Amino acid sequence: MRNVVKVELGARSYEVRIGTGLIGNAGAEIRPLLRRPRVAVVTDATVGALHLAELRAGLGDVEMVSLALPPGEGTKCWAEFQRVVEWLLEQKVERKDIVVAFGGGVIGDLVGFAAAVLRRGVRFVQIPTSLLAQVDSSVGGKTGINSPAGKNLIGAFHQPSLVLADIDVLGTLTARDFLAGYGEVVKYGLLGDPLFFEWLEAEGPRLAAGDRATRLKAVTRSVEMKAEIVARDETEEGDRALLNLGHTFCHALEAATGYGERLLHGEGVAIGCALAFELSQRLGLCSQEAPSRVRAHLREMGMKVDLADIEGDLPDAEGLIALMAQDKKVLDGKLRFILARGIGEAFVTSDVPREVLKGLLEEALAARR
Ligand code: GLY
């Protein structure tokens, strides 16, 4: 079982191969890119313990050196970034070598950024091991680390040379991590493909239960949509911002909850999508049916949907709006939102009256009491 999606970026085009058994066949997949039979793999301790032996075996006669970092968002920091870059230099990784990012979004972003700056840029291969990384962060070349001032504020666009999304590894994710990644899958249907959303409404439970054919289709459609948007707008001058549906709310909620276990990124995306549709409805852009369908599907999947699903204290509405103003999408001091005229019809706008936004957040916060 395998699908291939091409990210069309001229000389920097690459394939995203999605299927089963890709890690076990990594040597054959990667070898055509190699000048010498050697790769440097960076992973985290959790993924390493579960899957590194399989990757080593799959690489066959391609020599592998590896580094395992601590798992978690805290790893996307200057100190670990420096450690990775220095380690790659110690390993004598050359300009024409390949670095492999083997893990979830944290590893992909950090290692991609290290590859972007090492010797002014070396090629890298993404082997994403979380659903979120397979459908979003491994594709499109956004790399980077967090700053105390905010998430992903330091980084570079650096496209991978190949992405291997092995859906077998999704079987070792916790249900919570899987569903968090599913938040990004739903996002694609909501932003641009109503039939895909309809399909997810029907097939989502089977997908979550582990059905491989359904997982393959969901990952493939998500990657196709991302590839198409990235090919149109690699550096987010326009349409790429659509991929941030739900993210303006999400980033504020992640900042408020400390970027940790209280709220995973994909959970914040799901809540953010529900709020974005609710906001769209309040602005008269879409019918009440749209936010109701979004919420009903997320609920059916057992996902977080409301601010009431986030444990612990949250800032008030003004506090959340202030956190939104830290978002990278702020332009000329104005918040930018991705809103929708219906399911699958998202668009970018700065035209959101502050009192409507504040009213929405106040009601959502009040429902927590
Ligand atoms: N995750 C959003 C993007 O890659 O543009």
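Annotations for the structure displayed:
- Under 5 Å between amide hydrogens, built in the peptide plane, is the criterion, and for N152 it picks out N146, S147 among residues at least 5 positions away or on other chains.
- Each of T248, L307, Q126 was placed along the dipole of the chain (beta-carbon charges, centred on the mean Cα), and the one lying farthest toward the positive end is Q126.
- With both labels modelled 7 Å from their Cα along Cα-to-Cβ, the E203 to I321 distance reads 4.2 nm.
- Hydrodynamic radius by Kirkwood, which averages 1/r over all alpha carbon pairs of region 160-288, in angstrom: 15.7
- Surface/4 estimate of mean projected area, convex hull on alpha-carbon atoms of region 150-205, nm²: 6.1
- Here region 153-182 and region 343-369 have alpha carbon centers that stand 29 Å from each other.
- Too-long pairs where the Cα-Cα distance tops 20 Å, listed order kept, from K76/K151; K334/K358; K226/K358: K226/K358
- Helical runs (DSSP H, four residues minimum) scored at -39500 (n - 2.57) apiece and divided by the length of the chain put the mean residue ellipticity at 222 nm at -14000 deg cm²/dmol.
- Cα pair distances of region 238-316 binned at 10 Å [whole percent]: 19, 49, 29, 3
- Acute angle (nearest 10 degrees) that the helix 354-366 long axis makes with the longest principal axis of the chain, alpha-carbon atoms: 90
- Accessible area in square angstrom per residue, region 100-204, 1.4 angstrom probe: 27
- The Cα atoms of region 89-237 give a gyration tensor whose axes a ≥ b ≥ c have a/c of 1.5 or more with a/b greater than b/c, which makes the shape prolate.
- Nearest-ten-degree value, helix 45-59 long axis tilted from longest Cα axis of the chain: 40
- Largest-first principal axis extents of the Cα set of region 300-369 (Å): 34, 29, 21
- Whole-number D in µm²/s for region 38-173 (Stokes-Einstein; Kirkwood sum over Cα pairs; 25 °C, 0.890 mPa s): 169
- DSSP-loop trypsin sites (Lys or Arg not before Pro) across region 1-72, with at most 16 other Cβ within 10 angstrom: R35
- With Cα atoms defining each centre, region 83-110 and region 1-47 are spaced 14 Å apart in the structure.
- Taking the protein heavy atoms of the chain in the context of the full set of protein chains, the accessible area attributed to carbon and sulfur is 50 percent at 1.4 Å.
- About the Cα centre, charge dipole magnitude for region 242-369 (Lys/Arg +1, Asp/Glu -1 at Cβ), debye: 280
- For the chain, size of Cβ-based charge dipole, Lys and Arg +1, Asp and Glu -1, in debye: 1000
- Translational diffusion of region 66-127, µm² s⁻¹ [Kirkwood Rh, Cα pairs; Stokes-Einstein; 25 °C; 0.890 mPa s]: 214
- Only the Cβ atoms of Lys and Arg (+1) and of Asp and Glu (-1) were treated as charged; on that basis the dipole of region 1-151 about its Cα centre amounts to roughly 520 debye.
- Folded to 0 to 90 degrees: helix 247-257 orientation relative to the chain principal axis, Cα: 80
- Sparse packing (at most 13 other Cβ atoms within 10 Å of the Cβ) combined with a DSSP loop state is found for the following trypsin sites (Lys or Arg not before Pro) in region 72-121: K92, R95, K96.
- Ellipsoid semi-axes for the chain, based on the Cα gyration tensor and the rule √(5λ), read 34, 22, 18 Å when sorted largest first.
The values are calculated or read from the model by the stated rules, or taken from the named source; none is laboratory data. Note that the structure is predicted; figures quoted are calculated from it, not measured. Positions of Cβ are backbone-derived with ideal geometry, glycine not excepted, and every protein chain shown enters the neighbour counts. Side chains are part of the model used for accessible areas, which takes the heavy atoms of the whole protein and leaves out ligands, DNA and RNA. Shrake-Rupley method; radii C 1.70, N 1.55, O 1.52, S 1.80 Å.
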